[in-house]
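Beneath this line is the structure, given in structure tokens, with notes to follow.
The values are calculated or read from the model by the stated rules, or taken from the named source; none is laboratory data. In this text, all values refer to a predicted model and were calculated from it rather than measured experimentally. With ideal geometry, Cβ positions are generated from the backbone for all residues, glycine too; neighbour counts draw on all protein chains shown. We work out accessible area using only protein heavy atoms, side chains counted, and drop any ligands, DNA or RNA first. Shrake-Rupley method; radii C 1.70, N 1.55, O 1.52, S 1.80 Å.
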Amino acid sequence: MSLGACTDLSHSLAAVASVKPNSRNCNCTPGITYSLRNATGGHNGVLSMPMSKKNENRVVAVKAEGQGLTYKDAGVDIDAGSELVRRIAKMAPGIGGFGGLFPLGDSYLVAGTDGVGTKLMLAFETGIHDTIGIDLVAMSVNDIVTSGAKPLFFLDYFATGHLDVDVAEQVIKGIVDGCKQSDCALLGGETAEMPGLYKEGEYDLSGCAVGIVKKEDVINGKNITVGDIIIGLPSSGVHSNGFSLVRRVLAQSGLQLKDKLPGGDITIAEALMAPTTIYVKQVLDIVSKGGVKGIAHITGGGFTDNIPRVFPEGLGALIYENSWDIPTVFKWLQEAGKIEDAEMMRTFNMGIGMVLVVSPEAANGVVANLVETGKAYRIGEVISGNGVTYS
């Protein structure tokens, strides 16, 4: 690196040698993916299908009155991100999936890379560093499991201006915890100390996960048909996207992170810093029972941009309003920021972090089997058309 006096401190926390893959030297093209990382942890590497005009103002949580905040107001332009991806698609056809698939014998290696966006800024402010690593792992493994892939290993990158060993240890502890939750190995990583590039006390994170799935077992949505059922798995909260808007709302509200969340019994900091749910074991268990046709990770782009990514052309989603419990933190964000419903649904997960499209025959079993291990909601169905509508 040429910025500052960079000192690379390779670390390997597993009983194997540290690995430093260089994807820029790879001439491989099959099944590639490109996921644009905006400043809030969103994934906009898709050719998104916008919500139907006639339904974009349907009530989802609490109706916001007056001129409200938007993601763009907070500095993030999803449309600009989508335009960049369209341009990249001309140079690298085949992008748009949650993970990139590389053929290997009778299987595919499935890879995904991500970070945690400006949720890091809340970690700096709160001093909560031991769970941000869980977020980092979650954002990649949750992406690759949408293909039905079992994560094999994870690699991380930790960059800072001045290495605080105690803070870095807390961050890596979270990464280790995340890998344990997703049953994958922390194969290695990279620590870069770059004076002058970051403010004192700040750092940045990114990570990459690689998994594997038999070619015959790949989940790609191609068999989805009208009448299939949409199942939602609950999130732990905001997860790791939308935090530029979150921070804008917090500043406008006049409240502080240490204050109690309005309508809740925890602090705002506790609500916002709750680590991203890792769905790997839960999803793979559901997949093993059959009937799963498509899976969408609800991150940047919310319901509006992510659910249509798994549908064949000509199919859309009808989402049942009031069919799941919307966490208090989203109700507060919408009320405090006067955020329109359509903006909420295109920015946040609204309490559903993973969506599965299953056959009608499998739907009841999926919901019933999850009663003991966690909640699941029947939140909608597949219909003719495009995009996402609400009823």
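Could you provide, to the nearest whole Å², the per residue accessible area of the range 177-286 with probe 1.4 Å? Let's see the in-between values first.
Numbers: 4610 Å² over 110 residues.
Result: 42 Å² per residue.
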For Thr131, what charge total do you get from the other residues with a beta carbon under 15 Å from its beta carbon, if Lys and Arg give +1 and Asp and Glu give -1? -4
Summed residue charge, Cβ within 13 Å of Gly232's Cβ, Lys/Arg positive, Asp/Glu negative: -1
How far is the Cα center of the range 121-148 from the Cα center of the range 201-240, in Å? 14
Between the range 329-370 and the range 151-186, the Cα center-to-center distance that results, in Å: 28
Defining a contact as two alpha carbons under 8 Å apart and six or more residues distant in sequence, what relative contact order in percent does the range 116-232 show? 38
Simple SL model, points at 7 angstrom along Cα→Cβ for Thr225 and Lys289; separation in nm is 2.2
